[in-house]
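Quick note: the coordinates plus some simple rules give every number you see, no bench work behind them. If you're wondering where the values come from, they're calculated on a predicted model, not measured in any experiment. Glycine gets a Cβ as well: all are built from the backbone with ideal geometry, and neighbour counts include every protein chain shown.
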Amino acid sequence: MTANIPTPVDSALVGDLWPATHPGEDPLLYGHVAMEPKGAFEARSVQTFRMVYTVGRYGIDDTGGIAVLFRFVGDQGDLQTTDPTGYNYVTAHTNTGANIRLFFGGTSGHRPWFKALTAKLHGGYLKEGDQIVIVFGDTSQGSPGMKMQTFCEAGFEFKVVADVCAVGHYVPLPETPAIAIIPGPPAIWRAVLPSLRRPGERFQLGIKAEDKWGNPSHLAEGTFRLEANMTVKGLPETLEYRKGERALTIENLSVAGEGELRIKLMDGDTCVAQTGPLLIRDGKVSGYWGDLHGQSGESIGIGASRDYFDFARNKSFLDVTSHQANDFQVNNAFWSYLNELTVEYHEDHRFVTFPGYEWSGNTAVGGDRNVFFRTEGRQIHRSSHALIEDRSDLHTDASDANKLFEALKDEDVCVYAHVGGRYADIKLAHDATKETAMEIHSAWGTFEWLLTDGFPLGHRSGVVCNSDGHKGRPGASYPGAAKFGAYGGLTCFYTDELTRDGIFECLRRRHHYGTTGCRLHLDVRAGIKGGGRLFERDPNHFPDTNSWDVNEVMMGDIVRTSDDTVELTIEVAAHAPIERIEIRNGTEVVELFRPYAPKELGSRVRVLWSGAEYRGRGRQTTWIGRARFGGAKVTGISKINAWDHERRLEQTGTDTVEWNALTTGNYGGFDAYLEDESADGMFDLSCNHGAIHCKLSDIGYDDTMIEAGGLERKIRVFRLPDVNPHDHVTHKVTVPLAKGRDNPLWVCVNTEDGFQAWSSPIFVFDE
């Protein structure tokens, strides 16, 4: 059952700085630990574990003790000692009767072991052979037990450290009790296609079943029919999915002619999954999907880096990936190993990898950057050696972002700015020759401001979205029950070939767009009637760059024209109905396009909350509220971006919905389906950030809104058609151009099921 579970992390590859001084030479003298039960446990199941620490030769003096450490990324239940009937209740005692005090802190340990349960002696001591017994999820007084984390991990560790001399100095024991977290039963099937290929060009179909928390389940099985709306060369009629599989890939598929391909996974007469659209279209480029930003257990995440690459290729069906560990935790052994992995997994025209790392300087010195090398064997320039014992290469560090760009000036490299725990300060540091894109969505949230802050500064950056995932699932990064409030993002790269050269050329010309995790097709072009001059690279920084006369340009292009307007053509083909498209010139919304007319509105009311507190680490906004649809009956609700199944979002009466939600710059909410609306019905919404009181009939095409301050905190309420059939639209709009500055022309797409997509801007300027 555990054959397909990822392998544990090699400790030699972990920048994990434990104390250099120990009480004695032999760690066995500090005691040893055992725990029951052992084995594999289902994600988010409720369990009880009994850990026994046996005191070693040194004993433990009064105020000494042990601590059990857990990784930062784990979203298992927070341990507590106050409610014996609640989840995650933990107790401790000694076999001698010595008094033990327990304390759990979510940030009281050290990276990556931030979560710490400390058991300290008070008013006594222990000698060799005495025991401390800790029960995690103690059910003896009514607790259901301890909640396991929502994602899989081969070696979920209970890391034990001991302060045997009562000096406040904890050292690790040689044994580390560990269990395996495995998937639950299948809850949903997924069928995944790319979004753009040319006739005759090969592509793959990915099939998997996920449990309720997004883990590919090894418990799925069945015989399915594959039903396509076009003739697909190489596509079998039936598919045998055997128990124990976590995903299947059907490769070397192709379609001879143009069209829009969708494939259904059929169980008898029931469609259990349907792909998004794959456009087969003649043209210069195809669209390749990537998640280039995530970490594994060698740094702050979980799982081994090899399993990270395997998941990206074989379980989320990506075309492109990179591993981005925090530089101050990347020891030289791990940097060398990562370079070996990218060579091993790279395959032109099938799966492209890039060696790279995350430069993780504090915001005060420039903030987070992703560094991608075209080739292996390059020097890593860290922001610091904070968790690296080997100090021999300190001279290679780049202590601020400007020094990083200086160190990279002669390298074949691309850089992204992003927002994680730290956020990038692009006003302090930006090198347009290297930093070609801004990551505006990840599992940390949505950050359009990172791109738009650059517009008045003259920055010409593209849009990317990635997961920045820490849970070993690049390309399919669910937030689980943690404060990562969003599903991880994806980037689609427009290039003529799936090679490192092709992707790098795409990056340098910004020919890509990002989504919050879906694989919709997005094409944005600008028609220039009077003609324009297209530049291969930014002429402000590459004065000798190639240029051409053109009448049309694509997303990411930089073009000069004397025209007063351009005509934008936007095409979106999505897996779900399209709710709206914002057409923007910089931060200005030129047009808000909806594919349906006001007369098509029905009895479906949408309530959305969004935004963040501020730009830093504590950006999470909590939304606690209630909406009452007075004079109507709510027949049901549909949740939007409610990834944490344990947060409250439920109908609590015939006309009432209540919620306790979290946003980190992204958005969530629900649709309420109404019946028997009275003409004088009232809508009442109250939450911790404001209130709306209006006639139910006044909720219509346009947003009724609460502006809640913070960073774009707001609640929007509007009405939708009962059925919206528009999942493929083409729209044209004439956009006036401002003179004497850049016109960054870009779009934001919202689908009804809560996903978003952003095009890289077209940068238009005058003579």
State which entries of Lys264/Lys483; Lys212/Lys233; Lys264/Lys714; Lys38/Lys264; Lys115/Lys212 exceed 31 angstrom in Cα-Cα distance in the structure shown. Lys264/Lys483; Lys212/Lys233; Lys264/Lys714; Lys38/Lys264
Let me know the charge dipole size of region 543-624 about its Cα centre in debye, to the nearest 20, where only the beta-carbon of Lys, Arg (+1) and Asp, Glu (-1) is charged. 900 debye
Let me know the Kirkwood hydrodynamic radius for region 286-519, please, with Cα pairs as the basis and the value in Å to one decimal. 17.2 Å
For a Förster distance of 35 Å, can you work out the FRET efficiency between the beta-carbons of Cys271 and Glu552, rounded to the nearest 0.05? 0.35
Estimated [θ] at 222 nm from DSSP helical runs (n ≥ 4, -39500 (n - 2.57)) normalised by residues in the chain, nearest 500: -1500 deg cm²/dmol
Under the Kirkwood approximation applied to all pairs of distinct alpha-carbon atoms, what is the hydrodynamic radius of the chain in Å? 27.8 Å
Just to confirm a number: summing +1 for Lys and Arg and -1 for Asp and Glu over residues other than Gly475 whose beta-carbon lies under 11 angstrom from that of Gly475, what do you get? +2
List the lysines whose Cα lies under 20 Å from the Cα of Lys732, skipping any in the same chain that are fewer than 8 positions away. Lys529
What are the ³J(HN,Hα) couplings of region 691-704, residue after residue, when phi is run through the Karplus curve with 6.51, -1.76, 1.60 and θ = phi - 60°? Round to Hz, x for glycine and proline. 8, 10, 9, 7, 5, 4, 5, 7, 6, x, 5, 8, 6, 8
Given Ile570, Leu601, Ile581, which one lies farthest toward the positive end of the charge dipole of region 566-633, if we put +1 on the Cβ of every Lys and Arg and -1 on the Cβ of every Asp and Glu? Leu601
Within straight-line cross-link reach of Lys120, aspartates and glutamates at Cα separation under 13 Å, skipping those fewer than 8 residues along the same chain: Asp61, Asp62, Asp163
Computed about the Cα centre, the charge dipole of region 77-149 from +1 Lys/Arg and -1 Asp/Glu charges at the Cβ has a magnitude in debye, to the nearest 20, of 220 debye
Determine the dipole magnitude for region 286-519: charges of +1 sit on the beta-carbon of Lys and Arg, -1 on that of Asp and Glu, nothing else is charged, the reference point is the Cα centre, and the result goes in debye to the nearest 20. 600 debye
Relative to the compact-globule estimate 2.2 N^0.38 Å (N residues), the Cα gyration radius of region 51-147 stands at a ratio of 1.09
Which aspartates and glutamates have a Cα lying under 12 Å from the Cα of Lys739, excluding residues fewer than 8 positions away in the same chain? Asp563, Asp564, Asp766, Glu767
How big is region 188-274 along each principal axis, measuring the range of its Cα positions in Å and listing the largest first? 37, 24, 17
For region 106-167, alpha-carbon Rg and Dmax in angstrom: 14.8, 41
Counted charge near Ala43, where neighbours are those whose Cβ lies closer than 14 Å (Asp, Glu -1; Lys, Arg +1): -1
Neighbour net charge for Arg422 - beta-carbon separation under 14 angstrom, K R +1, D E -1: -2
